[in-house]
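The values are calculated or read from the model by the stated rules, or taken from the named source; none is laboratory data. Everything numeric here is computed off the predicted structure, so don't read it as measured data. Cβ: placed from backbone, ideal geometry, glycine included. Neighbour counts: every protein chain shown.
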Amino acid sequence: MTSSCCIWIALFLCLTTTDTGAFARAVNSRPRASPSPKSADETPASTLRTDASRRQRCAELAAPWAENTQRAPEENATTLQVRLRPFSTRASRGLVFPGKLLFGLVRQVYHCCQERLTCRSVKGIPGRFRGDTDVEFLLTKEALSLSVTRVELHLQFTNPQHLDIRPVLPFMEKRNLPSRYSLWSRGGSAELRVDLLFLLQELQEAAGGVRRGPDLVNLRRLVFSSRGTPLGEQAAAFARQDTDGDSWGEGFDAWPSTDLGLVVGCSQAGSGVSCRTGGVHLSHIPFLALYYR
């Protein structure tokens with residue numbers, strides 16, 4: 001059997017002066033290769049189970065968001081500060097390696113497209129911890145120029161007691177908007193994905209795109225809105241480097257970072273419980289997944 005739609009996948013690790021991340025891009029290419037012959041140990045029942053598991057995993061990629069309209073719990077919650085910064089040599093000291101979970105997502109996108117179940121392009125951006133509760137992501141000019149359709153913050157938790165985990169973005173709560181998420185539990189772990197499409201689109205609008213160059217006024221408004229505090233010295237530095245042209249210019253590297261708070265609450269049988277006491281904590285470094293056209 002052949003198919004006109006295949007994808008190629010490029011996974012790469014990068015040094016401090018280059019882009020970081022992992023890609024899977026859907027393209028029209030040569031026909032799909034014939035499936036590998038089955039091993040002697042495979043049975044029809046095991047093949048059906050494998051196929052069902054693969055279809056479920058692919059369905060998760062396009063599953064609709066759940067919405068949390070509850071207020072952020074004042075006690076027993078886990079807080080995380082998400083920081084987005086422009087990629088630059090100074091900001092990216094040290095190596096940022098895509099982890100195995102990020103590679104796993106890219107492989108999953110590849111296989112789902114190969115099986116003609118769902119086919120999309122994705123760019124993964126690895127995070128890195130800054131302290132105990134801060135995770136930082138470096139955004140390149142290329143990432144902000146993508147026509148994104150979905151942006152996910154991926155967090156992997158241990159969850160030995162199978163607690164219900166729900167995220168709250170105070171940024172959305174203050175505007176009476178729901179925090180959108182999906183939660184997948186497997187064994188004693190849970191994968192939480194939080195919708196951050198609104199944030200990247202706001203950054204893109206503030207940046208003005210590749211052709212317009214960065215918009216200082218919009219950037220000031222966005223960072224003030226997400227932090228709730230004045231910009232300070234970083235905004236003044238950016239103002240001195242604001243550019244108007246057909247490229248991002250040097251101003252891109254001087255953008256002030258954008259912070260977004262995330263509160264993760266836990267409950268059991270409808271009653272709030274302590275995430276920490278329940279054994280819920282991050283088991284891997286979070287990453288961003290940008291799906292784009």
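Brief remarks follow.
- Here the range 268-289 is the region considered, the condition is being under 23 Å from Leu196 (Cβ atoms) and part of a strand (DSSP E or B), and the residue that is nearest to the chain's Cα centre (by Cα) is Leu288.
- One residue alone among Val194, Val168 is of a type in the set (Val, Ile, Thr), at pLDDT 95 or above and closer than 21 Å to Val109 by Cα, and that residue is Val194.
- Pick from the range 58-87, criterion surrounded by fewer than 17 Cβ atoms within 10 Å (Cβ to Cβ) and at pLDDT below 85, ranking: nearest to Arg193 (Cα to Cα): Ala62
- Residues of the range 170-190 that turn out to be in contact with an Asp or Glu (Cβ under 9 Å, 6 or more places away or on another chain) and closer than 21 Å to Leu84 by Cα, as a count: 3
- Considering the range 109-123, the residues that are in contact with a Leu (Cβ under 8 Å, 6 or more places away or on another chain) and assigned to a helix (DSSP H, G or I) include one that is farthest from Glu152 (Cα to Cα), namely Cys112.
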